[in-house]
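The values are calculated or read from the model by the stated rules, or taken from the named source; none is laboratory data. Since the model is a prediction, treat every value here as computed from it, not as a measurement. Note: ideal-geometry Cβ built from the backbone for every residue, glycine included; neighbour counts use all protein chains shown.
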Amino acid sequence: MNGMDTIFTIGLLLILATPIYSLRGVQQSKTPMSSLAHSFEPVYSNEGKYLNVAELLDACRDFSSVLRKIGQTTLARDFESNIRKAEALYNSAPSSQRQSLSSLLLLERESGIHGPNGQLQDYSAATGLLWIRRYLEFHLDMYTAILASSDPTAAAIDAYKTQIEPFHGWALRKLFTVRLSTMMP
């Protein structure tokens, strides 16, 4: 699944999971998840067929806020550190190169920040955006499984093993597996 599909699917999933309006058109109470779903809607620009970086970063900040509200403070802090990496490049880029994700990443690549053979530097926007995508896909997989009547703990562990575990070292794998198995998402 590519990045645009992921963002669209997360937004769609969250809209379906927590609708703002009932079928009768009566407004229901607004929930953090329904607000979050709507914050991802403007990320993909239909006119130019690109990912709008400003909208993506705003939606990610909203996502982080929801993580905090549901008690996932540690995950929110890590997510926010990745947002800051992307924001640093976004804020320093000329306005002509900051609107789309591809132009922003091209600017970073051309700056020579990365190592040989395209090895990403940990402090780079590319690394931050890569981890943002991984965390969004983790949550997409987890909530999709929960909506399909899966046990929340099993859904979280399965999503972790698919989306994030391959990129963690041994110690983080053990830590995440224990934490996910002892708490409800």
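Run A159 past the list (1) surrounded by 16 or more Cβ atoms within 10 Å (Cβ to Cβ); (2) within 19 Å of A76 (Cα to Cα); (3) modelled with pLDDT under 90 and report the number of the one that doesn't hold.
The failed condition is (3).
Filter the range 113-133 for residues that are outside any loop (DSSP other than H, G, I, E, B) and over 23 Å from T74 (Cα atoms); which is modelled with the lowest pLDDT? Reasoning before the result, please.
If we filter the range 113-133 for residues that are outside any loop (DSSP other than H, G, I, E, B), which is where we start, we get 116-118, 125-133.
Of the ones still in play, those that are also over 23 Å from T74 (Cα atoms) are 116-118.
Values: P116: 84, N117: 83, G118: 78.
Step by step, filter the range 113-133, then rank; the result is G118.
Quickly run through the range 140-171 and pick out the residues that are hydroxyl-bearing (S, T, Y) and either free of Cβ contacts under 8 Å to residues at least 60 places away in the same chain or touching a strand residue (DSSP E or B) at 6+ places or on another chain (Cβ under 9 Å) (or both).
S149, S150, T153, Y160, T162
Results for (1) part of a loop (DSSP other than H, G, I, E, B); (2) among the hydrophobic types (A, V, I, L, M, F, W, C), shown as yes or no for each residue.
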position	(1), (2)
Y135	no, no
I146	no, yes
S150	yes, no
A155	no, yes
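Listed residues F167, F79; which is of a type in the set (A, V, I, L, M, F, W, C), surrounded by fewer than 16 Cβ atoms within 10 Å (Cβ to Cβ) and within 18 Å of the chain's Cα centre (by Cα)?
Details: F79 fails: surrounded by fewer than 16 Cβ atoms within 10 Å (Cβ to Cβ).
Just a single option satisfies the conditions, and that option is F167.
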